[in-house]
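A.B. asks: Structure in structure tokens, see below.
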Amino acid sequence: MSKYLIIIVFFSFSGNAQNILGKWITVDGETKEKKAIVEIYKKDKKVFGKIIEIFDKSKKYLPCIYCTGSDYNKPILGLEIIKNMQKDKEYYRKGTVINPSNGKIYKLRLSLDKDNTDVLQVRGYIGFLYRTQYWERLKK
């Protein structure tokens, strides 16, 4: 009996580790500075992400003055920056990410790092050009 319990527990934890859902620490690709925590979650069979913590206290309550549409002037804290991602084999695609610092919207591809499932590859595209950041899973 205990042998089966160990197997079930193992598969429960390994399945969770393979999931992009959860809380991630954003890391600037150029400066390597930790900027915020983004919670990635499912809503209406798609994946979204919102900022739930900002580390720089001076930016914590700023509005998104560069955002457009319904996101214009919304507080950056709580802003849904990842929208409409859909699972496509090993990646999540077909959605967008907004950079609240400049209001630019990028096509987005998300995937777990092949060597470390506690690292999320966040790749934003404009045309064929892209920029990649690596976010760290927030450990409880």
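The values are calculated or read from the model by the stated rules, or taken from the named source; none is laboratory data. Everything quoted here is computed from the prediction, not taken from an experiment. Cβ sites come from the backbone with ideal geometry, for glycine too, and all protein chains shown count toward neighbours.
A.B. asks: Please report, ordered by residue number, the strands (runs of 3 or more DSSP E) entirely within segment 67-138 with at least 2 residues that are farther than 25 Å from E33 by Cβ. Reasoning before the result, please.
C.D. replies: On the way: elements: 80-88, 91-98, 105-112, 119-126, 129-137.
Filter on segment 67-138 gives 80-88, 91-98.
A.B. asks: Can you tell me how many residues in segment 45-65 are under 24 Å from G22 (Cβ atoms), aromatic (F, W, Y) and not in a strand (DSSP E or B)? Please lay out each step first, then the result.
C.D. replies: Pass one, segment 45-65, residues under 24 Å from G22 (Cβ atoms): 45-56, 59-60, 64.
From the residues that got through so far, the ones that are aromatic (F, W, Y) too are 48, 55.
Cutting the leftovers down to not in a strand (DSSP E or B) gives us 55.
Residues in segment 45-65 being under 24 Å from G22 (Cβ atoms), aromatic (F, W, Y) and not in a strand (DSSP E or B): 1 in total.
A.B. asks: While we're on this one: Among I54, I65, which is the only one that is of a type outside the set (S, T, N, Q), modelled with pLDDT of 95 or more and in contact with a Lys or Arg (Cβ under 9 Å, 6 or more places away or on another chain)? Steps first, answer last, please.
C.D. replies: Details: I65 fails: in contact with a Lys or Arg (Cβ under 9 Å, 6 or more places away or on another chain).
I54 is the lone residue from the list that is of a type outside the set (S, T, N, Q), modelled with pLDDT of 95 or more and in contact with a Lys or Arg (Cβ under 9 Å, 6 or more places away or on another chain).
A.B. asks: Oh, and also: Might you check whether a residue that is of a type outside the set (D, E), closer than 23 Å to D56 by Cα and under 12 Å from the mean Cα position of the chain (by Cα) occurs anywhere in segment 67-76?
C.D. replies: no
A.B. asks: Now for a different question. Mind telling me which of the residues Y66, Y72 ends up being surrounded by 14 or more Cβ atoms within 10 Å (Cβ to Cβ), on the phi < 0 side of the Ramachandran plot and of a type in the set (S, T, Y)? Can you show your working first?
C.D. replies: On the way: Y72 fails: surrounded by 14 or more Cβ atoms within 10 Å (Cβ to Cβ).
Step by step, each of Y66, Y72 is checked, and only Y66 is surrounded by 14 or more Cβ atoms within 10 Å (Cβ to Cβ), on the phi < 0 side of the Ramachandran plot and of a type in the set (S, T, Y).
A.B. asks: Hey, another quick one. I'd like the residue in segment 98-113 that is in contact (Cβ under 8 Å) with a residue 40 or more places away in the chain and farther than 23 Å from L77 by Cα and, out of all such residues, is surrounded by the most Cβ atoms within 10 Å (Cβ to Cβ).
C.D. replies: To start, the set of residues in segment 98-113 that are in contact (Cβ under 8 Å) with a residue 40 or more places away in the chain comprises 100, 110-112.
From what is left, the residues that are farther than 23 Å from L77 by Cα are 111-112.
On the way: S111: 17, L112: 19.
Only one residue fits best here, namely L112.
A.B. asks: Show the residue pairs that are 6+ apart or on different chains and have beta-carbon atoms under 8 Å apart, the first residue being within segment 114-140 and within 17 Å of D28 (Cβ to Cβ), the second being surrounded by fewer than 10 Cβ atoms within 10 Å (Cβ to Cβ).
C.D. replies: Between residues of segment 114-140 that are within 17 Å of D28 (Cβ to Cβ) and residues that are surrounded by fewer than 10 Cβ atoms within 10 Å (Cβ to Cβ), there is no close pair.
A.B. asks: Can you tell me which residue is surrounded by the fewest Cβ atoms within 10 Å (Cβ to Cβ) among those in segment 1-34 that are hydroxyl-bearing (S, T, Y) and at pLDDT below 50? Talk me through it step by step, then tell me what you get.
C.D. replies: As a first pass, look at segment 1-34 and keep what is hydroxyl-bearing (S, T, Y): 2, 4, 12, 14, 26, 31.
Restricting the remaining residues to those that are at pLDDT below 50 gives 2, 4, 12, 14.
Numbers: S2: 6, Y4: 8, S12: 10, S14: 10.
My answer is S2.
A.B. asks: Another question, then. From K94, K60, which residue is in contact with a strand residue (DSSP E or B) (Cβ under 6 Å, 6 or more places away or on another chain), under 16 Å from Q121 (Cα atoms) and among the basic types (K, R)?
C.D. replies: Working: K60 fails: under 16 Å from Q121 (Cα atoms).
Criteria check complete, one pass: K94.
A.B. asks: Which residues, taken from segment 118-128, are farther than 19 Å from N84 by Cα and modelled with pLDDT of 95 or more? Before you say what the answer is, go through the steps one by one.
C.D. replies: Residues of segment 118-128 that are farther than 19 Å from N84 by Cα, as a first pass: 118-119, 128.
Within segment 118-128, D118, V119 meet the criteria.
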